[in-house]
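Below is one structure, written out as structure tokens, with a few remarks after it.
Only the coordinates and a few stated rules stand behind these numbers; no lab work does. Because the structure is a prediction, the values reported are computed rather than measured. FYI the Cβ positions are ideal-geometry reconstructions off the backbone, even for glycines, and counts take in every protein chain you see.
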Amino acid sequence: MTPMGAALKGVLMMWMLEIPPFVPFFIGALIAIFTRGALRGAIMLATPILSGLHLWGMPEGIHLQFAFLDYQLLPYRVDKLSLIFGYVFHIAALIAIVYSLHVRDTMQQVASMLYAGSGLGAVFAGDLLTLFIFWECLAFTSVFLIWARRTEKSYAAGLRYLITHVLSGVILLVGALFYVAEHDTLKFDYIGLDGIAGWLIFIAFGVKCAFPMAHNWLTDAYPEATVTGTVFLSAFTTKVAVYALARGYPGTELLIYIGAAMTCFPIFFAVIENDLRRVLAYSLINQVGFMVVGIGIGTALALNGAISHAFNDVIFKGLLFMSMGAVLHMTGRINGSDLGGLYKTMPKTTVLCIIGAASISAFPLFSGFVSKSMVMSAALENGHDWIWLMLLFASAGVFHHAGIKIPYFAFFAHDSGIRANDPPNNMVLAMTIAAGLCIAIGIYPSALYSLLPYDTGYNPYDATHVLAQTQLLFFSALAFVWLNLKGKYPPELRSTNLDFDWIYRRAVPNVLQKTFSIIWKVDGALRKGFLVRLDRCLDFIAQKNGGISNLLSRTYPAGSMVMWVAVILAAYLFLSFIR
Amino acid sequence: MENEKQYLFDNPRNVKRLLNCFYVICAILVVLDFVIHRHIVHSWENLWAFYPIYGFVGCVVLVLVATWMRTFLMRDEDYYDPNGSGAEGGAHDVDA
């Protein structure tokens, strides 16, 4: 570090105590409630900048701890793993805030600050209870970014999203309680899959990480959020889950298979999906899959790959969501079937989107390449041949749907006749920052590598890697061109594609409805039958009794019985007097 | 629409040029396979033009399978809420 950097660091250390990074964000949110307009914008911008500078001067170690019911809570633990996520969350928050500077919606702005703060709180949480608290905060703050769209669809999607995430939090809490019982500590370190606590916490992380079959909250809710909300959403939730898996379950073999499945199945859905932000949501799962595979392999190289890929993904996926958000914002449309030819009037957005597309596709000299190749190399070196082949297929596939399909159908393809302009300056600026970072990291990866937890001396730019990756990508593009020229490429169609959420949105409600209607029918019939029989029975007894004695007959009114009781009591009273 | 500005790809010749350029790059990349010495980690990588073929075939299979998936997965756009509010197209971000 240069002397000036060291001096600046010293000054920063002096004027700021050890404040956990979620605190400035929560304070910023509080101030945002009471301010308006430009002042609110300035405060929101200043928060990640100041908090980021503060974090930069923070040495590793445990900076805050206190006892709670015999257990040590560590709300602020700093090490290399949490730091790198802390840095990227600050960058993401800053970019997303710049992108949303034009928004005048208190609910959305406050929620986004609280959400970013919760993400930071979660990655610096040193114990499971603090993690659980921020885990739930993430859910409750982010759902407002979905509801802020203020449509019926977004309300319903937000509700489903909230239920899923609260459930994940509850499972985490139960897991944490079991963990305390098993290990007598709440400290969040390696957990592993032995014991019920390990499995419960694993499932909780998995739901947030969009494991297969638990992934539909993501593809359901993200495309329904607001233009700016989705940019925030894409940065934090899944990356917190990746962080948690990297800390709790590195080297867990099961993760390799789960991750490989995550890289492959979403690309099929992405190819036939019409809503371009939903295409990006599927490709988000695909990218998280690469990280999960890296964590599962668990070697230094693989973990570095997973973590650096998370870092890069926050930026390039944010860039892609921003460019599609710009399209939605300016045209009011996001379906591939309605768009096309926008390059004519949105040239800046087009170029920036293509940079994002090149980065996610891992073209050499773009950020995705320097991180994804680590996971691929690790898979190959550790003898996971089939997994490597799946990852290679997924790499080609991600280029196909995110790298080509997104820019092609939005900005080129047939001319839709829409002549929308480039978005407001703040949106263009935010996208430019993200695009600049994508290229900078791609050209000079050492800066990113120096932040990683392990020193592996990995160099992505050797002839073998570069040539192999370029060949793979160009021939995937060739397949796209060929299919398109042949007319075999599936056209964009207005449609809904069934996914696993069909089970809980259609199948289960239908089955329940049918079951209950049958139960109610049977129940009604049984009650009716019983009542008829009871009636007949009573009639029968009454008839018999009527024959035996008039006094016990059912035909007497109840009033007469009361009268006779009163007479008897009066007789007793009378007798007691005369005695 | 007659006086509308001509944009880059409105001219089919430009599209043709771009595609030709692209084909040439693809050809060069295959040829480079023979020139550049690779470090092989896996025996499959030794196969002739392994990466180009894998990328091409992989993507064709991807698209064909995805197209086939449409036959049983595709439903109406408003499948999940048949009497929805019709928010499609008019859903702008909330801003000033």
If you look at just the Cα atoms of the range A:410-460, how large are its Rg and its Dmax in Å?
17.9, 52
For the protein assembly as shown, build the charge dipole from Cβ charges (+1 Lys, Arg; -1 Asp, Glu) around the Cα centre, then report which of A:Gly259, A:Ser560, A:Leu448 sits farthest towards its positive end.
A:Ser560
Give me D for the range A:159-200 in µm² s⁻¹, whole number, from Stokes-Einstein with Rh from the Kirkwood sum over alpha-carbon pairs, 20 °C and 1.002 mPa s.
196
How do A:Lys344, A:Lys488 line up, fewest other C-beta atoms within 10 Å first?
A:Lys488, A:Lys344
Farthest toward positive dipole pole in chain A [+1 Lys/Arg, -1 Asp/Glu at C-beta], among A:Ala571, A:Ala221, A:Leu64:
A:Ala571
The range A:12-102 - Rg (one decimal) and Dmax (whole number), Cα, Å:
14.8, 48
Output wanted: per-residue J couplings in Hz (rounded whole) for the range A:360-373, from phi through Karplus 6.51 cos²θ - 1.76 cosθ + 1.60, θ = phi - 60°, x for Gly and Pro.
5, 7, 6, 5, x, 6, 10, 4, x, 4, 6, 9, 5, 4
Three semi-axes of the equivalent ellipsoid, the range A:325-425, Cα gyration tensor, whole Å, largest first
33, 14, 9
For the range B:8-73, treating each Cα as an identical point scatterer without solvent, what Debye log10 I(q)/I(0) comes out at q = 0.15, 0.24, 0.28 1/Å?
-0.75, -1.00, -1.12
Diffing the range A:424-433: the Karplus 3J(HN,Hα) column from phi (6.51, -1.76, 1.60, θ = phi - 60°), in whole Hz with x for Gly and Pro, holds x, 4, 4, 5, 5, 4, 4, 5, 5, 4
Set of lysines near A:Lys187 by C-alpha distance (under 28 Å), chain-local residues within fewer than 8 positions excluded:
A:Lys80, A:Lys208, A:Lys239
I need the Debye-formula profile for chain A: one equal scatterer per C-alpha, no solvent, reported as log10 I(q)/I(0) at q = 0.06, 0.09 1/Å, two decimals.
-0.37, -0.68
Near the amide H of A:Asp275, under 5 Å away, which other amide H atoms are found, from residues 5 or more places off or on another chain, if H is placed in the peptide plane?
A:Gly336
Expressed as cubic angstrom per residue, what is the convex hull volume of the alpha carbon set of the range A:279-389?
102
Using only the alpha carbons of the range A:420-573, what is the convex hull's orientation-averaged projected area in square nanometres?
31.0
Can you list the equivalent-ellipsoid semi-axes of the range A:250-499, largest first and in whole Å, using the square root of 5 times each Cα gyration tensor eigenvalue?
30, 20, 15
Share of Cα-Cα pairs in the range A:102-179 beyond 18 Å, whole percent, is 46
Under 5 Å from the placed amide H of A:Asp127, counting only residues 5+ away or on other chains, we find A:Leu74, A:Phe188
Enumerate the lysines that B:Lys5 could reach by cross-link, defined here as Cα to Cα under 17 Å, with residues fewer than 8 away along the same chain left out.
A:Lys344
Based on Cα coordinates alone, diagonalise the gyration tensor for the range A:468-512, multiply each eigenvalue by 5, take square roots, and list the semi-axes in whole Å, largest first.
37, 16, 6
Sorted from fewest to most neighbouring beta carbons within 10 Å, what does the list A:Ser337, A:Ser234 look like?
A:Ser337, A:Ser234
Over chain A, the sum of -39500 (n - 2.57) across DSSP H runs of at least four, divided by residue number and rounded to 500 deg cm²/dmol, gives at 222 nm -24000 deg cm²/dmol
